[in-house]
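The structure appears right after this line, and notes come after that.
The values are calculated or read from the model by the stated rules, or taken from the named source; none is laboratory data. Given the structure is predicted, the values throughout are model-derived calculations rather than measurements. So basically every Cβ, Gly included, is an ideal-geometry build from the backbone, and we count neighbours across all protein chains shown. Surface accessibility is based on the protein's heavy atoms, side chains included, excluding ligands, DNA and RNA. Shrake-Rupley method; radii C 1.70, N 1.55, O 1.52, S 1.80 Å.
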Amino acid sequence: MHFTKERINALEKHTRTHLINSLSGFKSANLIGTQDKQGNTNLAIVSSVIHLGAHPPLVGMIMRPNSVPRHTFENIIETCSYTINQVNKAIYKQAHQTSARYDKGESEFAATGLTPEYLNDFAAPFVKESRLKYSVKFVENQHLAINGTELVIGEITDVYLDEVALQSDGFLDLQAIETVAVTGLDSYHTSNKLTRLPYAKK
């Protein structure tokens with residue numbers, strides 16, 4: 001089967017969206033926890049979190065265009081603080097529900113039954129039910145003119161995890177904490193590890 005550019009563009013909008021969103025394969029499912037200066041909490045599922053570097057520990061994510069209110073992005077810019085909470089098998093349905101359009105004053109925590117948790121005096125809420133989560137300080141954002149999205153870059157300050165995931169060399173066994181992956185916009189998956197391979201050398 002061959003999809004030319006013309007054939008892709010001719011697809012019905014939702015069909016095209018599903019096709020293109022699925023092309024990048026399995027992605028991490030994360031809940032982004034934020035809070036504005038008035039104390040209103042927000043929680044949003046994001047599948048575009050990417051590793052940018054370990055020294056310093058930087059993480060990026062793509063936020064959708066600001067053509068409509070984007071409470072997560074607004075809160076990050078306002079407070080420079082957010083949390084990234086990996087989604088696990090026990091909470092993926094609630095995590096998915098956070099993608100619904102809630103009003104600014106309506107907390108996705110309350111709407112989905114997930115529990116806000118404040119750790120180490122950090123300004124943004126964590127998801128108590130998440131088994132791997134970390135606090136992030138906003139560093140910068142890059143506006144991508146080609147499609148109006150925002151690349152948000154932050155520095156990881158604190159990591160909280162279920163110790164069953166941590167191996168002696170620092171590797172995290174995400175399967176041990178039932179982390180789920182997502183493809184497209186709405187398909188969730190658990191994983192089965194094949195093996196760890198040694199560092200590749202010539």
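Screening G53 with (1) part of a helix (DSSP H, G or I); (2) of a type in the set (G, A, S); (3) loosely packed, with under 14 Cβ neighbours inside 10 Å gives one miss only, at (1).
Of all the listed residues (E155, E140), the sole one being in contact with a Leu (Cβ under 7 Å, 6 or more places away or on another chain) and either in a strand (DSSP E or B) or crowded, with 16+ Cβ neighbours inside 10 Å (or both) is E155. The residue list A95, A100, A124 contains one member that is in a loop (DSSP other than H, G, I, E, B), within 19 Å of the chain's Cα centre (by Cα) and in contact (Cβ under 8 Å) with a residue 60 or more places away in the chain, which is A124.
Inside region 16-41, residues that are open to solvent by less than 70 Å² (accessible area, probe 1.4 Å) and either over 24 Å from S187 (Cα atoms) or not in a loop (DSSP other than H, G, I, E, B) (or both) make up a count of 16.
Residue-by-condition table, conditions (1) on the phi < 0 side of the Ramachandran plot; (2) open to solvent by less than 80 Å² (accessible area, probe 1.4 Å); (3) among the charged types (D, E, K, R); (4) at pLDDT 95 or above:
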position	(1), (2), (3), (4)
A95	yes, yes, no, yes
E106	yes, no, yes, no
G113	no, yes, no, yes
A124	yes, yes, no, yes
Y160	yes, yes, no, yes
Y199	yes, no, no, no
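Every condition in (1) over 21 Å from K133 (Cβ atoms); (2) open to solvent by less than 70 Å² (accessible area, probe 1.4 Å) holds for A10 except the one numbered (2).
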